[in-house]
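See below for the structure under consideration.
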Amino acid sequence: MEKVMVMVVVVAAAAAVAFGVGRSEAAVYKVGDAVGWTILGSPNYTAWTVSKDIQLGDTIMFVYNKNFHNVVEVSKEDYKACNAASPIATYTTGNDSITLKRRGHHFFICGAPGHCGAGQKVDIRISKLHSPSAAAPAKSTATSSPVPGAADAGGSVSGPAPAPGPRPSAAGEGRDLSPEVLLCLSAISAGLIMM
């Protein structure tokens, strides 16, 4: 009986290690992926946001032609009204990196006349339900990558940026476990089978 209790404790500890560990590095997302921040081709920034698992501490990059666009962070009301007159922040470099430091919604629009109304706006939401140590479900699409290429002053992508560390998923799916954890889980499994 004592052996069973020890095994239960070991299994619970291993499960906590395997599935409860938070990610070790923040990710970088290029808004719009290969399309970038534009109105050309009518990109769907709502669909782009839904396809991502953007978390607290991640960085979003807006890559665009600064002669035609900008990035304006606004309130919810100004986002809905496409009003850039009272910005929280304005970015104009054509290659703007913004680290998300608070939970909740982050509203961004293009302040060029008519662009927001044409769909150049994005609502990025950091869930209030995520805890820093909770594993998050991995989301992927065939056409997107959480690591954008580096952009030059003209806004064109020159090559891939270094990949961030692994991002855990809800059930350990797709996660690289350390050899120590795998060895521990194997030993536990063998011990349970022998009982």
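Which one is surrounded by the most Cβ atoms within 10 Å (Cβ to Cβ) among residues in region 98-124 that are of a type in the set (G, A, S) and assigned to a loop (DSSP other than H, G, I, E, B)?
Filtering first and then ranking leaves G111.
Yes/no matrix, rows are residues, columns are (1) of a type in the set (S, T, Y); (2) open to solvent by less than 50 Å² (accessible area, probe 1.4 Å); (3) out of contact with any Gly (no Cβ under 8 Å at 6 or more places or on another chain); (4) not in a loop (DSSP other than H, G, I, E, B):
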site: F62; (1), (2), (3), (4): no, yes, no, yes
site: N65; (1), (2), (3), (4): no, no, no, no
site: Y79; (1), (2), (3), (4): yes, yes, yes, yes
site: A84; (1), (2), (3), (4): no, yes, no, no
site: T90; (1), (2), (3), (4): yes, no, no, yes
site: T93; (1), (2), (3), (4): yes, no, yes, no
site: D96; (1), (2), (3), (4): no, yes, yes, yes
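Look through A112, A81, A85, A89 and report the one residue that is of a type in the set (G, A, S) and either closer than 21 Å to I54 by Cβ or modelled with pLDDT under 95 (or both).
Values: A112 fails: either closer than 21 Å to I54 by Cβ or modelled with pLDDT under 95 (or both); A81 fails: either closer than 21 Å to I54 by Cβ or modelled with pLDDT under 95 (or both); A85 fails: either closer than 21 Å to I54 by Cβ or modelled with pLDDT under 95 (or both).
Just a single option satisfies the conditions, and that option is A89.
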Exercise. Of the numbered conditions (1) surrounded by 14 or more Cβ atoms within 10 Å (Cβ to Cβ); (2) of a type in the set (A, V, I, L, M); (3) at pLDDT below 95, V74 satisfies every one except a single condition; which is it?
Worked result: (3)
For this session: Report yes if some residue within region 52-65 is farther than 17 Å from K101 by Cβ, in contact (Cβ under 8 Å) with a residue 12 or more places away in the chain and within 14 Å of the chain's Cα centre (by Cα); otherwise report no.
Result: yes
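The values are calculated or read from the model by the stated rules, or taken from the named source; none is laboratory data. Everything numeric here is computed off the predicted structure, so don't read it as measured data. Every residue, glycine among them, receives a Cβ derived from its backbone with ideal geometry; neighbour counts consider all protein chains shown. In case anyone asks, the SASA skips ligands and DNA or RNA and just uses the protein heavy atoms, side chains included. Shrake-Rupley method; radii C 1.70, N 1.55, O 1.52, S 1.80 Å.
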